[in-house]
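Report on the following structure.
Throughout, read-outs are computed from the coordinates displayed, never taken from laboratory work. Here the structure is a predicted model, which means the values were calculated and not measured. Glycine gets a Cβ as well: all are built from the backbone with ideal geometry, and neighbour counts include every protein chain shown.
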Amino acid sequence: MEETQTQNSIKRYITGTIAGVVTLLCIVLGGVPLLALLLTVILVASKEYVHILRMKGFHPSFSIIGFVGVLICLAISVVRLDLIPAILVMGTIFSFLIVLFMGRQPYIANVATTELGFLYGALMPVHIILMRQIGFDVTQNIYLYPILNGEELSEGLSLSVFVFLSILVTDTAAYFGGKRYGKHKLSAVISPKKTVEGALIGSIFAVLVSLTGVFYTKLTLGECAIAGLLITVAAQLGDLSESLIKRDAGVKDSSNILPGHGGFLDRSDSYIFALPVAYYYFINFTGGNNYFAELFSYIKSVFHVGF
């Protein structure tokens, strides 16, 4: 038993290291390498998602989920954000049509789980490309070249690395902290192996590491701390949410394609919530942008509040 656990741990370390290096390399390169990685993750993870839901008795369409996911990635990669609403509308229509013509029960659940598939499995993760594009000259209307072609260290690159490190530290510290100090279950029903102590340790280390972002990003120390806290909380909620889907379907892992980690969905679940949360925080509340302050000023002007 102990020997098996040791072997699983070794597999986990090796797989995690390789996956981390490949992910970081693609983030640094940007462009086509990052797009290729994202498309691979989205398609494989969507396949796993469909498999999990079928275990529950639902029949979401992988064809629709995958097709919409690819279109969203391509639209964002060539900086055509105006196409996203049309793609989502088209995906919604096709979700109904494929159920209509397949005539497979349960109808409503099949439509809903198909739409959830491309919202959860594609629209959320694709924010890594949006983040990588921060500071990029969108007038060029294309973002498919790698950093090796001469791109300088961009704001989008530094922020993407910031998010990657925050999530990496969250997952690593929570895992080892939970194993060493974990006593109280974070959610005995949804994810019995996760503990309150592990979650707190992961959060603390993530925030501490995020403070180093002041040296390689344009964020202030306070913005780094807030970003680190938002990212670590969102990452752990994303992990729990994926566990919720698996537990409801009675599945332990999304697949066994990654030794020691399960499937692509298991490995990327922390990014699904963290990426959009980080992206919208960066573009709306850092670098002099603060919608709360603007809203406050607007209210003052409308009601002529003199304070």
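Could you give the length gained by full extension between residue 253 and residue 212, i.e. 0.36 nm per residue of separation minus their alpha carbon distance, to one decimal place? Please report the intermediate quantities before stating the final value.
Details: separation 41, 0.36 × 41 = 14.76 nm, distance 3.40 nm.
Going from the current span to full extension adds 11.4 nm.
Local charge sum around residue 274 (other residues, Cβ-Cβ under 11 Å, Lys/Arg +1, Asp/Glu -1)? Write out the running numbers ahead of the final one.
Values: positive: none; negative: 171, 239, 269.
Result for the neighbourhood of residue 274: -3.
Past the 21 Å Cα-Cα mark, which pairs from 56/252; 11/179; 56/194; 11/252; 47/185; 11/183? Each step should come with its number before you reach the end.
On the way: 56/252 13 Å; 11/179 17 Å; 56/194 23 Å; 11/252 18 Å; 47/185 30 Å; 11/183 26 Å.
Exceeds cut-off: 56/194; 47/185; 11/183.
Applying the criteria of a DSSP loop state and at most 11 other Cβ atoms within 10 Å to the trypsin sites (Lys or Arg not before Pro) of region 237-287 yields 252.
Couplings 3J(HN,Hα) for region 67-78, derived from phi with the Karplus relation 6.51 cos²θ - 1.76 cosθ + 1.60 (θ = phi - 60°), are 5, 5, x, 5, 4, 4, 4, 5, 4, 6, 5, 9 Hz, where x marks Gly and Pro.
Remark on residue 186: its backbone amide H falls under 5 Å from those of 194, 195, 196, a criterion applied only to residues 5 or more positions apart or on other chains, H modelled at 1.01 Å from N.
Once the piece of chain linking residue 24 and residue 154 is laid out straight, how much longer is it, given 0.36 nm per residue of separation minus the C-alpha distance between them?
On the way: separation 130, 0.36 × 130 = 46.80 nm, distance 1.51 nm.
Taking 0.36 nm per residue and subtracting the Cα distance, the gain is 45.3 nm.
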